[in-house]
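The values are calculated or read from the model by the stated rules, or taken from the named source; none is laboratory data. Treat the numbers as computed from the prediction; the structure is a model and nothing was measured. Positions of Cβ are backbone-derived with ideal geometry, glycine not excepted, and every protein chain shown enters the neighbour counts. For accessibility, only protein heavy atoms count, side chains too; no ligands or nucleic acids. Shrake-Rupley method; radii C 1.70, N 1.55, O 1.52, S 1.80 Å.
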Amino acid sequence: QVQLVVPMAVVFAPGSVPGDLPRPLPFRDVQEMEISVNLRTSVTSRYEIRYRSTTAQEEAALAAATAREADAALYPLQDTTLGSLTMYVVPETSSLLPQGINVYVGKHRSALVRAGGGLAALQARLREVTQLMSFTATSIAAALSDRVPDGQLGPDARRNLKSSLGYEITFSLLNPDPKSHTVDWDIEGAVNRFVKPVLDKLSLVANFSVDSQILYYAVLGVTPRYDKESSSFLLSAHSLPHVINPVEARLGSSAASLYPVLNFLLYVPERSHSPLYIQDKDGAPVSTNAFHSPRWGGIMVYNVEAPASPQTSLPLHVDVDMARVMEVFLAQLRLLFGLSREEVPPEFLLESPGNEGLADWELDHLLWAHTVENIATVSTTLTSLAQLLDKIGNIVIKDDVASEVYRAVASVQSAVTELSLGHLLAAFQASKEAVTCSERAFFDPSLLHLLYFPDDQKFAIYIPLFLPMAVPILLSLAKIVRETRLRKKEPTKMD
């Protein structure tokens, strides 16, 4: 039974304190909610809330002209521990929040909430914000998707990548028609400028390696449909799944990889199929001209403008606009990690994370989900190992395997304890250690069940070998015994 504890501070600015507070500030409160996963498993979320008034420094920061400036000024004054949240309640008449906006979620671990109504209305609004910034029942169910009955999961629950100790990201440029196009892309510069800040932020979650390749004469494997009205070629939504398999056979990146591989493909269509556009399910063109495949990656079609005159010499030189391409790929990367910002009420304003690609609270969101998933993975792995060892009675368990199992159990217990204390980072690191130890024990070569045979198989193998040899040996032994008895019965002659 896992308990997720979120330390939280609710800070009231002057003029925003509700009249129906149960006792004078400061005071503490606890709110609990149970997230049911299946009949046997449930996760308890516990919000430990500390209500207080603003300090003089916080009041000065909240006097800023805009919410963004206030958020930046408040950052050094708040608790920046991973998993903690700070909610600043501002008066209903405050000009910090734009008209019609009741909640501003900043880049860090704080939000500005407009006061309105009594304590019950404020608490309902705060609950909505805290779930957005930490975890929801949906995100926990998605993390434990292997244990949730199929009917209870939403369609997007299995879209996110599974928790792993590392990920490999491969950027591939597909040029199916090098006779017509010489494509030049500054992938190294683009990775350093756009991707590296995001991966630096995500380095807490896992290790990342990035590589790139250019594939010539690599086609999509699906013939696009020609549209006379727009004089262009179209790929419909139902044909997109058939695009991936032929391309994946050429990528070759996942064959020797220990970790999940994320593929981001930039496809420059051949001249005979240019321009090429992707349609959605309703037949409308997709604005980014790209699509993503859950737990696999994404593909973007990059059209090249046709030459002005037919006499233009081939191949055409194409310089790829990497800013436009990376904007799409980073959005797809966020989707793969389950960081999409689609389900937000209209009264919420979310600050853009900027170059870093994700806000601090989004990183926490990821850590909560991965910690719970790691604990469940270790539990499953160790249960499977115990069942295997129970089946094979004569299996030999080495000391180093036993120590890995003990370490995995100790680490997962430590992770559960740290979660119940509200220490997210320590819990996540302990859960990673538990996964490493349990996998090491489970995949130890000495525990390969093929090395150990059931007794009936041993008899079936050895009896045909030993029976032909045993018959003459047994007959000889019987003859020796018989002769010995006869010799004893003969009377001995006395001189």
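Quick check on this structure: which one of L144, L119 is open to solvent by less than 60 Å² (accessible area, probe 1.4 Å), within 26 Å of L367 (Cα to Cα) and not small (G, A, S)?
L144
Pairs needed: first member in the stretch 216-228, among the charged types (D, E, K, R); second member anywhere, modelled with pLDDT of 80 or more; C-beta distance under 9 Å; at least 6 residues apart or different chains.
R225/F233; R225/L234; R225/L235; R225/S236; R225/S239; D227/F233; D227/L234; D227/Y277
For the stretch 228-278, what are the residues that are acidic (D, E) and farther than 26 Å from R324 by Cα?
If the condition is that a residue be acidic (D, E) and farther than 26 Å from R324 by Cα, then E229 is the only one that fits.
Among the residues in the stretch 66-76, are any in contact (Cβ under 8 Å) with a residue 60 or more places away in the chain and under 28 Å from V205 (Cα atoms)?
Yes, the stretch 66-76 contains a residue that is in contact (Cβ under 8 Å) with a residue 60 or more places away in the chain and under 28 Å from V205 (Cα atoms).
Of all strands (runs of 3 or more DSSP E) completely enclosed by the stretch 269-386, which ones contain at least 2 residues that are open to solvent by less than 20 Å² (accessible area, probe 1.4 Å)?
Strands (runs of 3 or more DSSP E) meeting the threshold: 276-278, 297-301.
Tell me the residue from V416, V409, V405, V396 that is open to solvent by 30 Å² or more (accessible area, probe 1.4 Å) and either outside any helix (DSSP H, G or I) or out of contact with any helix residue (DSSP H, G or I) (no Cβ under 9 Å at 6 or more places or on another chain) (or both), please.
Just a single option satisfies the conditions, and that option is V396.
For G297, indicate whether it is closer than 30 Å to Q131 by Cβ and modelled with pLDDT of 85 or more.
So G297 passes the test.
What single numbered condition from (1) out of contact with any Leu (no Cβ under 6 Å at 6 or more places or on another chain); (2) closer than 29 Å to G116 by Cα; (3) among the hydrophobic types (A, V, I, L, M, F, W, C) fails to hold for V43?
(2)
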